[in-house]
Amino acid sequence: MNLKSLPKIELHLHLEGAAPANFIKNLATQKHIDVSKIFNQLGQYQFDNFKHFLSVYEAATTVLQSPDDFYKLTKCVLEECAKNHVVYVETFVSPEFCGGNDIVSWKEYLSAICEASEESEASFGIISRGIATCIRHLGPNSAKDTAKCAVETGGEWLVGFGMAGDETFGQAKDYVYSFDLAREAGLKLTSHAGEWGGSESVRSTVNQLGVQRVGHGVQSINDDELIQSLIEQQIVLEVCPGSNVFLGLYPDLQSHPIKTLRDRGVMVTVSTDDPPFFQTSMDQEYESLASCFGWSEDDFLELNRVALDAAFCDKKTKEKIAKMFKF
Ligand SMILES: [Zn+2]
């Protein structure tokens, strides 16, 4: 089986987190910003744990300072996705990092990102959509500002609202206002939960924020009642196995619950999260899953079918993507 040539759908990719180390390094040099401490001697991003990862991530984003930087970033990231035969990707993008949650600035950044998205579709055939993402550990007020930016700019490209950052900060209920605002504006919803926060974090995220999808959600494995309710409510998990293993959530892929969750009937999808940070790619994720769990081409086709159903884009776009899979 040649997994590399299989078309792929990716639902959980942070735009800033997909910035190759060299891209950030070159931009830093041009702008005379010293970010050398975030790289190791091999030139890769370096961090010791999740909290450290978040601070390295934020340091990397400090070199992304203009709509043009995000234009170049989007082009670079989508080209990399296309090389992995990703035909449809949803990227998390934080208005916080695009002009500090200021609506006027955000519109300029978004327009640059959309331009890059259109050009990448024309060049590589890759379709992309965006999810405006608040950063949980910056608190509920910042999240409200992000939600307002999202509400103002929701449309063909920006289709969702989400939450990333440190899941152990605050409680899901602190963010209800922001998710309600986004839902009322017709945006689809997802939030990181059940990565570091346990199954209770998934439960409160689903019940209180009303999300259709959960970023990671792997901690649900310890909670039979929750698994049952995820199945009943048809909640889809955006699972990022390579990210989880790299950050030490599981010692290896064999110990990762993606297979058990799927076997028990939970709808799971596969994504890379922040590929250069976790030294992964969609090709690599598929290859690792195939060799570890014996998944066949049919298994991956099924994963992509789940992902397409759970995608936040409109029906017309879904029909276009379905044709690439011959669904
Ligand atoms: Zn993530």
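Treat every Asp and Glu Cβ in region 3-317 as -1 and every Lys and Arg Cβ as +1, leave all other atoms uncharged, and give the resulting dipole magnitude about the Cα centre to the nearest 20 debye. Mind dumping the intermediate values first?
Details: 25 positive and 45 negative charges, 41 e Å.
The calculated dipole for region 3-317 is roughly 200 debye.
Within 10 Å, count the other beta carbons around each residue, average over each peptide in 239-245, 99-105, and list them highest first.
Working: 239-245: 24.9, 99-105: 15.3.
Per-residue Cβ counts within 10 Å, averaged per peptide and sorted highest first, yield 239-245, 99-105.
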- Query: Add -39500 (n - 2.57) for each DSSP H run of 4 or more in the chain, then divide by its residues: what number comes out at 222 nm, to the nearest 500 deg cm²/dmol?
  - Reply: -14500 deg cm²/dmol
- lysines with Cα under 25 Å of Lys8, excluding same-chain neighbours fewer than 8 positions away: Lys72, Lys75, Lys83, Lys188, Lys259, Lys315, Lys316, Lys318, Lys320, Lys323, Lys326
- Note on the structure: Heads up, region 100-143 by the C-alpha gyration tensor (a ≥ b ≥ c square roots of eigenvalues; a/c under 1.5 rounded, else a/b over b/c prolate, else oblate) looks oblate
- Task: Tabulate in residue order the Karplus-calculated ³J(HN,Hα) for region 34-41, using 6.51 cos²θ - 1.76 cosθ + 1.60 with θ = phi - 60°, rounded to whole Hz; enter x for Gly and Pro.
- Result: 8, 10, 4, 5, 8, 10, 8, 5
- Query: Under a GNM of the chain (C-alpha, springs under 10 Å), which listed residue has the highest mean-square fluctuation: Gly194, Gly217, Gly248?
  - Reply: Gly248
- Contour excess over end-to-end distance, with Cα ends at Asp252 and Asn207 and 0.36 nm allotted per residue: 13.1 nm
- Note on the structure: Here the relative contact order (percent) of region 3-317, from C-alpha pairs under 8 Å and at least 6 apart, is 18 percent
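Compare the peptides 196-203, 38-45, 182-189 by average per-residue count of other Cβ atoms within 10 angstrom and give them in order, highest first.
Numbers: 196-203: 20.0, 38-45: 14.1, 182-189: 18.1.
The peptides rank, most packed first, as 196-203, 182-189, 38-45.
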- Could you give the length gained on full extension between Tyr177 and Asp224, defined as 0.36 nm per residue of separation minus the Cα-Cα distance, in nm? 14.0 nm
- Considering only Glu58, Glu195, Glu79, give the residue with the highest GNM mean-square fluctuation for the chain, with springs between Cα atoms whenever their separation is below 10 Å. Glu58
- Item | Nitroxide proxy distance, nm - points 7 Å out along Cα→Cβ at Asp298 and Ile33 | 5.0 nm
- Just grab the label-to-label distance for Asn49 and Glu115, each label 7 Å out from Cα along the Cβ direction, in nm (one decimal). 4.3 nm
- Item | Within a Gaussian network of the chain (alpha carbon springs, distance under 10 Å), most fluctuating of Thr74, Thr260, Thr205 | Thr260
- Item | Virtual spin-label span in nm between Gln41 and Asn2, 7 Å along Cα→Cβ | 3.9 nm
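Let me make sure I get this right: for the chain, a, b and c are the square roots of the gyration tensor eigenvalues over alpha carbons, sorted descending. Under 1.5 in a/c it's rounded, otherwise prolate if a/b > b/c, else oblate. Which is it?
Details: a/c = 1.24, a/b = 1.15, b/c = 1.08.
Rounded, because the longest to shortest axis ratio a/c is under 1.5.
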- Task: Please list, in chain and number order, the residues 5+ apart from Glu96 or on another chain whose amide H is under 5 Å from its amide H, with Hs placed from the backbone.
- Result: Asn101
- Which of the aspartates and glutamates could a cross-linker span from Lys144 if the Cα-Cα distance has to be under 12 Å and same-chain partners fewer than 8 positions apart are dropped? Glu96, Asp102, Asp174, Asp180
- Query: Residues with amide H under 5 Å of Thr272's amide H, sequence separation 5 or more or different chain, H placed in the peptide plane at 1.01 Å from N; which?
  - Reply: His12
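Read-outs: derived from the displayed coordinates by stated rules, not from any lab. Keep in mind that what you see is a predicted model, and the values were worked out from it rather than measured. Neighbour counts are summed over all protein chains in view; Cβ atoms, including those assigned to glycine, are modelled from backbone coordinates with ideal geometry.
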